[in-house]
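Since the structure comes first, as structure tokens, the remarks are kept for the end.
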Amino acid sequence: MNTRIAVVTGASSGIGAATARHLARAGFEVVCAARRTDRIEAVAAEIGGRAVACDVTSPESVAALAAEVGPRLDVLVNNAGGAFGLAPVAEADADDWRRMFDVNVLGLMQVTKALLPALVASGDGVIVNLGSTAGRVAYEGGAGYTAAKHGTKVVTETLRLELFDQPVRVCEVAPGMVRTDEFALVRFEGDQARADAVYAGVPEPLVADDIADAITWVATRPAHVNIDELVIKPRAQAAQHKVHRVSAD
């Protein structure tokens, strides 16, 4: 029996790296794709996978990833993404918005398009797109990111319609508040205090392993079962704007 192959984009840290580890434990050979070569090489070495330097916003880089993967692929996890800034629309930075659309929407499209023939060829391909609760609910300062993640959601829904007669399942995992080493830090351009404030007082935010566990579960359901969307939040988060926080006093 052939070893099942999975590709995880954005596998250099956070949810991507955790997902690579979980899929490897589930028996997959994992192709770890990200821009930071040293990071993905370390993850791949740890799990017995393959590291491929890939910038999902570059068509040439994505084509090289597809060539490395080869003719058959069982699971694609489109995890690469990110949020940049928290400015209101009146003060929006167009470059930040472009970066968010490039990685969360266009990058997802390019990787999916390049690897779709291999997913179909497997006879039971699974695409898991990492969405967000931001793809469902707007909040002040988040217009660029929420618009991009709404894009992720709609691309997922459209792809499912377009592939309804193909042996490929199309799924979305949409997390709420997840504390990772980099997400908020990147959003606030390295401002550790602002990044820490996002999670201040939250008893137990989700962590990368929680989402990786959910992604792996979605990707390993029986062939006739499609998990259209799985929204996952910490118990402390009832909604984007309603989060239980415990005072340090």
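The values are calculated or read from the model by the stated rules, or taken from the named source; none is laboratory data. Please read all numbers here as calculations on a predicted model, not as lab measurements. We place every Cβ from the backbone using ideal geometry, glycine too, and count neighbours over all the protein chains shown. The accessibility values were calculated without ligands, DNA or RNA, using every heavy atom of the protein model including side chains. Shrake-Rupley method; radii C 1.70, N 1.55, O 1.52, S 1.80 Å.
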- Message: Among the residues that make up the range 214-231, is at least one of them assigned to a helix (DSSP H, G or I), modelled with pLDDT of 95 or more and closer than 27 Å to Ala143 by Cα?
- Response: yes
- Message: Tell me whether the range 119-129 contains one or more residues that are on the phi > 0 side of the Ramachandran plot and at pLDDT 95 or above.
- Response: yes
- Task: Would you be able to tell me the number of residues in the range 64-103 that are free of Cβ contacts under 8 Å to residues at least 60 places away in the same chain, under 21 Å from the mean Cα position of the chain (by Cα) and within 22 Å of Phe28 (Cα to Cα)?
- Result: 4
- Item | Conditions (1) farther than 22 Å from Val173 by Cβ; (2) surrounded by 24 or more Cβ atoms within 10 Å (Cβ to Cβ); number of the one not met by Cys32 | (1)
- Query: Residues of the range 117-129 being open to solvent by 20 Å² or more (accessible area, probe 1.4 Å) and touching a helix residue (DSSP H, G or I) at 6+ places or on another chain (Cβ under 9 Å), which ones?
  - Reply: Pro117
- Message: If I ask for residues that are free of Cβ contacts under 8 Å to residues at least 60 places away in the same chain and buried (at least 17 other Cβ atoms within 10 Å of the Cβ), which ones from the range 218-231 would you list?
- Response: Ile227, Leu230
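The rows are residues; the columns are (1) acidic (Asp, Glu); (2) open to solvent by 60 Å² or more (accessible area, probe 1.4 Å); (3) modelled with pLDDT of 95 or more; (4) farther than 23 Å from Ala11 by Cα.
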residue	(1), (2), (3), (4)
Thr156	no, no, yes, no
Glu162	yes, yes, yes, yes
Glu182	yes, no, no, no
Val202	no, no, no, yes
- Task: Tell me the helices (runs of 4 or more DSSP H) entirely within the range 52-158 that contain at least 2 residues that are within 21 Å of Cys32 (Cβ to Cβ).
- Result: 59-69, 107-121
- Within the range 1-58, which residues are at pLDDT 95 or above, among the polar types (S, T, N, Q) and in contact with a helix residue (DSSP H, G or I) (Cβ under 7 Å, 6 or more places away or on another chain)? Thr9, Thr19, Thr57
- Would you mind telling me which numbered condition in (1) in contact with a helix residue (DSSP H, G or I) (Cβ under 7 Å, 6 or more places away or on another chain); (2) of a type outside the set (Asp, Glu); (3) open to solvent by less than 70 Å² (accessible area, probe 1.4 Å); (4) in contact (Cβ under 8 Å) with a residue 40 or more places away in the chain Met109 fails? (3)
- Count of the range 1-41 residues which are without any contact (Cβ under 8 Å) to a residue 24 or more places away in the chain and either in contact with a Cys (Cβ under 9 Å, 6 or more places away or on another chain) or not in a helix (DSSP H, G or I) (or both): 3
